[in-house]
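Working notes, structure below.
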Amino acid sequence: MLKNYITIAFRNLRKNPGYSFINIFGLAMGMGICILILLYVQHELSYDDYHENSDRIVRTSRAWFNQDGQVSLHLGHAAPPFGPLLEQDFEGTIEEMVRFLEISPLLRYEENAFVENRFFFSDPEVFEMFSWEMIEGDPSTALTYPDGLVVTESMVKKYFGDEDPMGKSIEAEIRGMNLQFQVRGIMEDVPENSHFQFDFLASMEPVVQFYGGQEAFMQNYGSNNFATYLLLPEGYDYQRLQEQIPAFMDRHLSTEETHLGEDGEPVTASDGTMLFLQPLTDIHLYSNLDSEIEANSRIEYVYIYGAIALFILIIACINFMNLSTARSVKRAVEVGLRKVIGANRWSLIRQFIGESVVMAVLSLLFAILIVELMLPVVNDFINLNLELDLLQNYTQLFWLSGIVLFVGLVAGSYPAFFLSGFQPATVLKGSFKAGKVHERFRSVLVVTQFAISIALITCMIIVYTQLDFMRTKDLGFNKENIAVLPVSQQITSNYENIRERLLGHPGILNVSVASRVPSGRLLDSQGTRAEVDGELQDIDFRIADIHISHNFLETFDIDLVAGRNFDINLASDSTEAFILNESAVETIGWNSPEEAIEKQFLYGGRRGRVIGVVNDFNFESLHQSIAPIVFMIPDDRIRNVAVKIRDNSREEVLSFLEEQWATLRPGYPFTYSFVQDNFDEQYNSEERLGTLFGFFSLIAIIIAALGLFGLASFTTQQRIKEIGIRKVLGASISQIVWLLSTKFTLLVIMAIAIATPIAWYSMDQWLEGFAYQIDMPVWSFVIAGGSAIVIAWLTISYQSIRAAIVNPVNSLRSE
Amino acid sequence: MIKLKKIYKYIDKRFQRTFILKDIDLEVKEGDFITVMGPSGAGKSTLLNILGFLDDASEGEYFFLDEPVHNLTEKRKSDYHKSHIGFVFQAYHLIDELTVYENIEMPLLYRKVKSKKRKAMVAEMLDRFNIVAKKDLFPPQLSGGQQQVVGVARAIIGSPKLLLADEPTGNLHSEQSEEIMEMFTKLNKEGVTIIQVTHSEKMAGYGNRIVNLKDGVVVEENPYDE
């Protein structure tokens, strides 16, 4: 019997190649896209779970609070003493503690020299906590040597080629110091699904020296650059440890940070700053703190992609249901006959569901082909190495079987129940016509398909509009033609002379240095006191600081709204002058920028007066609202040189700078970036979302149009006699085309009505995530709806025009 | 074998009741060859459908082998379809996607006949109706008469007690029709009870009893009896 079912299923496929193609190709495309998305989702969900201890590791983050309890800054890193102190205070609970410190040294082995951005110092227990595989060397001792260095396989190739690297020494230039490391171990490359990747792990010992010895190291609560991980016992709920952290903070930070609150109550250390524990496996999807080793993703994106996968699959299933029911008239006789011969309803349902499962399996084969063809492109686009590996990856096999069953059952269910319900007496009489109920059901399906497509198109347009808005918005300063280069010892110690030398080039308009430049994050801040109502008051809001040179404001075209700029001829400006932005003025409580001028201001250890106020400009990306900022002139913590370049002389200036930097920062490769590009890069994840929406809506609309095409061909076929009669009675071709198109147009309009509020609501939610957002563009809904109508018209026009021009003699001749 | 008592079939539309069959009493004995005749719309096909369990009567009682059909479950009905009743249609209703062989074989699949036995039975049918050479062809490749021969072969392969034929020769020319009718007569002689619907007096002549319907009422039984 099974053979009979399969025979008939395949012969049906062969007999109607067009129909089979639409059905199988549509399904395959839907399934293929769905598989691609699921591969990505599976990858996103798998972050860091390859560690044997993945469910026992937590990361320690550090937050600071304003007086009203609001988080003012939350870093994914902590200061160096916290790890050892936690380990000591919670002995027995914390089994291991590992810190990582990231730097970018210049590494040199013989003639191979590169600046490495994925170089970490770490505590020696790292291999006990994490499951990174060591290929050579002893994981338990490699980093206990003060000069110990572990390199990954790909770095071995890069530096040593075919040589055996074990025991070789690598020279590292770090902050002007030269260190010798010895390769004590080789490890496999860090898997892609890790929330951070590294190429080198070095012993923590040299770091202790940078910080001035063990004692100073353990006193430094200000250098929050250490990613700190803890290993907890099996089955231990990290929340239990979290509950004990406030007391821990008070114990260790009490003397330094306790001060009186507004109502005179003593404020404890833990009211001002706290440590938070995050499970390792949550970091990639749930953690978007002010500092992360690498930018993480968001669980919302996983949800969005998952939903899109489901939608596309549903659209493809709908096609299948639609076409199967449309063709049901042709299968009706078979159904009637089988019933007469003795088939009961259940066996018919089994047959038709079986057929759709066969169809789904066939489509899956094509889908796998599609996936294999598209994976390279997709991988290139999302910068990953996803792969479909059914033989070894049982999860994927499980998912695929799931998809096939889902498609088979969902797509097969309606045709199965619908077809098996036919009364043999009616269908065998030959007077059978598909009923109205099923007509309505099909309409619902078409509306659903188009609603999904229209919603996707709308979302795409809105994402792109927001992206465009962010790229072109006036940030309050001029971001164009500013190159940013790394600073070096030589530059800071001899800054004014070097600046003169650079300005000698006709293409260079201005030069300045700064601790941070626009497009970076504002992560530095210190305690603030300011003169309000005639007396000095503590300012409980975080005011971020930027250390700059005198020409910074001019270089970036930042406008002063009150007071004056720093003056190089006034020595006191370098020690006791501050410039604030408007937000800072407002936060402190001064009524106007003018009022702020000449007010006393204390920042960290520096005491002085406000000499100027600049307008609010977007220092950070447009995800962030403008934060209070203070500018001052010290020459420490300078990290960047900003060079304003004349229009059209970018090339020559860059080659000039390259020459200069070769002598100013010898040994280092020449690197630079442009502020404008850095800003654009901050919108990469939105860009990616926009592209994906674009791609998916294209696929969705293709599948939907494919289905509509098939459906239109069947309905026109059913009405062929009616069309013939109308033509004989004098209807024109255009009237016939109009007649055939109106119904589908109405369906698409209904789809627009359904899609609009859904897209509106979800995009409204999405836009909430931006401090600066566009108004919901009404035209995007018009365009999405309009294009859907046009596509629908184009799709059905072929069928309706063909039906309309046919000679009525042919359609009316009865057999 | 079959007893119909006061069978009514009607359709209710708003306030009007349209009768298709009215007060039909009919008894069919095993071995009968009955022809149902009458003008278009007389209710012939409806009667046949009711006899073949494809339609239910609105009122009245129907006994098939002394079992009340009006009380049968769906399952019992399809069991009877499998084993006791065969159908032949005016439009043949062969499945175009299956070969002659497979079309004839299909009822056996629903009866769960073993593969070997199935082969033997189909071979016997092919032989009996002289269509061995055509067994791998698809229905559209056959003439109407040949298709109906396959239809008959399919109907009787399950050795039914009752063969219902709705205008079996309606689409055939006279030579083919006679061939089919002779086949029916032969089957009848082998003990199969046959009820056929037809317009043609000539075809009716092959039967041994005629039921004449007009507007849903039996007007005459066997006008040739006298």
Taking the dipole about the Cα centre of the stretch A:489-667, with the C-beta of Lys and Arg at +1 and of Asp and Glu at -1, give me whichever of A:Tyr603, A:Ala662, A:Ile508 is farthest to the positive side. A:Ala662
Residue by residue through the stretch B:154-163, the couplings from Karplus 6.51 cos²θ - 1.76 cosθ + 1.60 with θ = phi - 60°, in Hz, x for Gly and Pro, are 5, 5, 9, 5, x, 6, x, 7, 10, 10
Counting other C-beta atoms within 10 Å, which of A:Thr273, A:Thr60, A:Thr472, A:Thr93 has the fewest, and how do the rest follow? A:Thr472, A:Thr93, A:Thr273, A:Thr60
Answer with one residue from A:Val378, A:Ser443, A:Gly476: the one whose Cα lies farthest towards the positive end of the charge dipole of the stretch A:373-527, charges on Cβ with Lys, Arg +1 and Asp, Glu -1. A:Ser443
Let's see if you can work this out: charge +1 on each Lys and Arg Cβ, -1 on each Asp and Glu Cβ, no other charges. What is the dipole magnitude of the stretch A:56-286 about its Cα centre, in debye to the nearest 20? 340 debye
So, by mean Cβ neighbours within 10 angstrom, what's the order for A:351-360, A:482-491, A:632-641 with the highest one leading? A:351-360, A:482-491, A:632-641
Percent antiparallel among DSSP beta bridges with both residues in the protein assembly as shown, to the nearest 5? 70 percent
Per residue, what volume in Å³ does the Cα convex hull of the stretch B:81-207 take up? 95 Å³
When only alpha-carbon atoms count, how far does the stretch A:56-286 stretch along each of its three principal axes, as whole angstroms with the largest first? 68, 42, 29
5 Å is the cut-off here: which amide hydrogens, built 1.01 Å from N in the peptide plane, fall below it relative to A:Leu509, excluding neighbours closer than 5 in sequence? A:Lys644, A:Ile645, A:Arg646
Loop-only check: which trypsin sites (Lys or Arg not before Pro) in the stretch A:6-88 are DSSP coil with at most 13 other Cβ within 10 angstrom? none
Mind checking the mean number of beta-carbon atoms from other chains within 10 Å of the Cβ atoms in B:74-81? 4
With θ set to phi - 60°, apply the Karplus curve 6.51 cos²θ - 1.76 cosθ + 1.60 along the stretch A:503-516 and write out the HN-Hα couplings as whole Hz, x wherever there is a Gly or Pro. 5, x, 6, x, x, 9, 8, 7, 9, 8, 10, 7, 6, 9
Diagonalise the Cα gyration tensor of the stretch A:489-667 and give the resulting equivalent ellipsoid semi-axes, square root of 5 times each eigenvalue, largest first, whole Å. 31, 17, 15
Where does helix B:115-128 land angle-wise versus the long Cα axis of chain B, in degrees 0 to 90, nearest 10? 80 degrees
Point-charge dipole on Cβ atoms (K/R +1, D/E -1) for chain A, about Cα centre, debye to 20: 8200 debye
Restricting to Cα atoms and excluding each atom paired with itself, what does the Kirkwood estimate give for the protein assembly as shown in Å? 36.3 Å
With θ set to phi - 60°, apply the Karplus curve 6.51 cos²θ - 1.76 cosθ + 1.60 along the stretch A:580-585 and write out the HN-Hα couplings as whole Hz, x wherever there is a Gly or Pro. 10, 9, 4, 4, 5, 4
Computed Kirkwood radius, in angstrom, where 1/r is averaged over Cα pairs of the stretch B:97-143: 10.9 Å
With just the Cα atoms defining each centre, how far is the stretch B:71-93 from the stretch B:125-172? Give it in Å. 17 Å
Sites A:Ser574 and A:Glu171, calculated FRET efficiency, Cβ-Cβ separation with R0 51 Å, nearest 0.05: 0.90
State the three equivalent ellipsoid semi-axes of chain B, derived from the C-alpha gyration tensor as the square roots of 5 times its eigenvalues, in descending order and whole Å. 30, 20, 16
With only helices counted (DSSP H, runs n ≥ 4, each -39500 (n - 2.57)), the per-residue ellipticity at 222 nm for the protein assembly as shown, to the nearest 500, works out to -15000 deg cm²/dmol
Amide H neighbours of A:Phe276 at under 5 Å, excluding residues fewer than 5 places away on the same chain, with H built from the backbone geometry, are A:Ser61, A:Arg62, A:Ala63
Assign unit charges at the C-beta atoms only (+1 for Lys and Arg, -1 for Asp and Glu), then state the dipole size of the stretch A:489-667 relative to its Cα centre in Debye, rounded to the nearest 20. 600 debye
Would you be so kind as to identify which of A:Ala704, A:Tyr672, A:Thr691 lies farthest towards the positive end of the dipole of the stretch A:628-709, taking Lys and Arg as +1 and Asp and Glu as -1 on Cβ and the Cα centre as origin? A:Ala704
Per residue and in cubic angstrom, what volume does the convex hull of the Cα atoms of the stretch A:629-760 have? 254 Å³
With 23 Å as the cut-off, how large is the P(r) tail for the stretch A:598-699, expressed as percent of Cα-Cα pairs? 58 percent
By what distance, in whole Å, do the Cα atoms of the stretch A:684-743 stretch along each of the three principal axes, largest value first? 61, 19, 13
Per-residue Cβ neighbour rank within 10 angstrom, fewest leading, B:Asp136, B:Asp23, A:Asp545: B:Asp136, B:Asp23, A:Asp545
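Computed from the coordinates by the stated procedures, all read-outs in this text should not be read as laboratory data. Note that this is a predicted model, so its numbers are computed, not measured. Cβ coordinates were reconstructed from backbone atoms using ideal geometry, including for glycine residues, and neighbour counts include every protein chain displayed.
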